[in-house]
Amino acid sequence: MENKITAILLAGGKSQRMGTDKGLLVLNGKTFIHNICDALKPVVGSNILIVSANKEYDKLGFSRVEDIIENKGPVGGLYTGLKESKTKVNLVVSVDVPFVTTELLQWLVENHNETDMVTQTKIGDKTSPLIGVYDRSMKIVFGEQIAGNKLKLRQAIEDVKHRTLEVPEKWSSQLQNINTQEEYQNLTK
Ligand SMILES: Nc1nc2c(ncn2[C@@H]2O[C@H](COP(=O)(O)OP(=O)(O)OP(=O)(O)O)[C@@H](O)[C@H]2O)c(=O)[nH]1
């Protein structure tokens, strides 16, 4: 499996709500990005591609690439990651979900059907397109979106053959996003 999947870890963006780079926040003695890389390793080995301009992330020892086109949000990060990827199947994770586990990521990959362009997750009515599996050919769709300055990821997924997986209740807290100082302070209390 190792050589067949690339993990694309989205770690760029403005982080306006948090005010600092979310990947470098610390939880249980490890940065968010370190926690997520540890969860990814049993699934993809060392084939982790971090999409970010932050050189601090090089210390983790994985590949890092900067957005080809800046300031396009997650669609821009996905476009760069998929352009850089050498595999058809790509496991995408955002850097703001520090509780994600190998178990959930493995389940997600196993439930991806290679005839689908995207498999995303959801809990109740809320979809989480940034915890998903993307076919490399989605780079074409995202390239067109960027060219047209239409940056709505959820809409792009609706327009292609996709699958939405309901995350089992026992794992629902793993999709918790940490986006603000208040959310972060609550974790460390
Ligand atoms: N590479 C890359 N990643 C991005 C970009 N924008 C957002 N992300 C990542 O996508 C995920 C979701 O990002 P958001 O929370 O929507 O945006 P953000 O910039 O992190 O934060 P806000 O400015 O507070 O909205 C996070 O993991 C970000 O690191 C971008 O332009 N490039």
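So, of the residues in the stretch 43-59 that are part of a helix (DSSP H, G or I) and surrounded by fewer than 18 Cβ atoms within 10 Å (Cβ to Cβ), which turns out to be farthest from the ligand (Cβ to nearest atom)? I'd like the intermediate steps shown before the answer.
Looking only at the stretch 43-59, we keep the residues that are part of a helix (DSSP H, G or I), and these are 43-44, 55-59.
Still in the running and surrounded by fewer than 18 Cβ atoms within 10 Å (Cβ to Cβ): 55-56, 58-59.
Values: Lys55: 14, Glu56: 13, Asp58: 15, Lys59: 17 Å.
Taking the candidates together, the pick is Lys59.
Just a yes or no: is a residue in the stretch 92-101 within 14 Å of the chain's Cα centre (by Cα), more than 10 Å from the ligand (Cβ to nearest atom) and open to solvent by 60 Å² or more (accessible area, probe 1.4 Å)?
Step one: list which residues in the stretch 92-101 are within 14 Å of the chain's Cα centre (by Cα), which gives 92-101.
Next, from what is left, pick out any that are more than 10 Å from the ligand (Cβ to nearest atom): 98-101.
Cutting the leftovers down to open to solvent by 60 Å² or more (accessible area, probe 1.4 Å) gives us 99.
Yes, there is a match, as at least one residue in the stretch 92-101 is within 14 Å of the chain's Cα centre (by Cα), more than 10 Å from the ligand (Cβ to nearest atom) and open to solvent by 60 Å² or more (accessible area, probe 1.4 Å).
When you look at Gly76, is it over 18 Å from Phe99 (Cα atoms), surrounded by fewer than 23 Cβ atoms within 10 Å (Cβ to Cβ) and either of a type outside the set (A, V, I, L, M, F, W, C) or near the ligand (Cβ under 8 Å from one of its atoms) (or both), yes or no? Please lay out each step first, then the result.
On the way: over 18 Å from Phe99 (Cα atoms): yes; surrounded by fewer than 23 Cβ atoms within 10 Å (Cβ to Cβ): yes; either of a type outside the set (A, V, I, L, M, F, W, C) or near the ligand (Cβ under 8 Å from one of its atoms) (or both): yes.
Taking the combined requirement at face value, the residue satisfies it.
Exactly one condition in (1) open to solvent by less than 20 Å² (accessible area, probe 1.4 Å); (2) in a helix (DSSP H, G or I) is not met by Glu144; state its number.
Condition not satisfied by Glu144: (1).
Name the single residue, out of those in the stretch 20-37 being in contact (Cβ under 8 Å) with a residue 40 or more places away in the chain and under 16 Å from the mean Cα position of the chain (by Cα), that is nearest to Ile5 (Cα to Cα).
Restricting to residues being in contact (Cβ under 8 Å) with a residue 40 or more places away in the chain and under 16 Å from the mean Cα position of the chain (by Cα), the top hit is Ile36.
I need a count of the residues in the stretch 169-189 that are out of contact with any helix residue (DSSP H, G or I) (no Cβ under 7 Å at 6 or more places or on another chain) and surrounded by 12 or more Cβ atoms within 10 Å (Cβ to Cβ).
The first filter runs over the stretch 169-189 and keeps only residues out of contact with any helix residue (DSSP H, G or I) (no Cβ under 7 Å at 6 or more places or on another chain), leaving 169-170, 172-173, 175-177, 179-189.
From what's left, surrounded by 12 or more Cβ atoms within 10 Å (Cβ to Cβ): 172, 175-177, 179-181, 183-184, 187.
Going through the stretch 169-189 one residue at a time, the tally reaches 10.
Go through the stretch 1-42 and give me each residue that's away from the ligand (no atom under 16 Å from the Cβ), part of a helix (DSSP H, G or I) and either at pLDDT 95 or above or buried (at least 16 other Cβ atoms within 10 Å of the Cβ) (or both). Please lay out each step first, then the result.
Taking the stretch 1-42 as the starting set, the residues that turn out to be away from the ligand (no atom under 16 Å from the Cβ) are 1-5, 26, 28-30, 38, 41-42.
So of that shortlist, the ones also part of a helix (DSSP H, G or I) come out as 2-4, 38, 41-42.
Once the filter is applied, which keeps residues that are away from the ligand (no atom under 16 Å from the Cβ), part of a helix (DSSP H, G or I) and either at pLDDT 95 or above or buried (at least 16 other Cβ atoms within 10 Å of the Cβ) (or both), the stretch 1-42 yields Asp38, Lys41, Pro42.
In the set Glu166, Glu158, which member is open to solvent by 90 Å² or more (accessible area, probe 1.4 Å) and touching a strand residue (DSSP E or B) at 6+ places or on another chain (Cβ under 8 Å)?
On the way: Glu158 fails: touching a strand residue (DSSP E or B) at 6+ places or on another chain (Cβ under 8 Å).
Only one candidate passes the filter, namely Glu166.
The values are calculated or read from the model by the stated rules, or taken from the named source; none is laboratory data. Since we're looking at a predicted model, the values are computed, not measured. As a convention, Cβ positions derive from the backbone with ideal geometry for all residues, glycine included, and neighbour counts pool all protein chains shown. Protein only, heavy atoms only, side chains kept; ligands, DNA and RNA dropped before computing areas. Shrake-Rupley method; radii C 1.70, N 1.55, O 1.52, S 1.80 Å.
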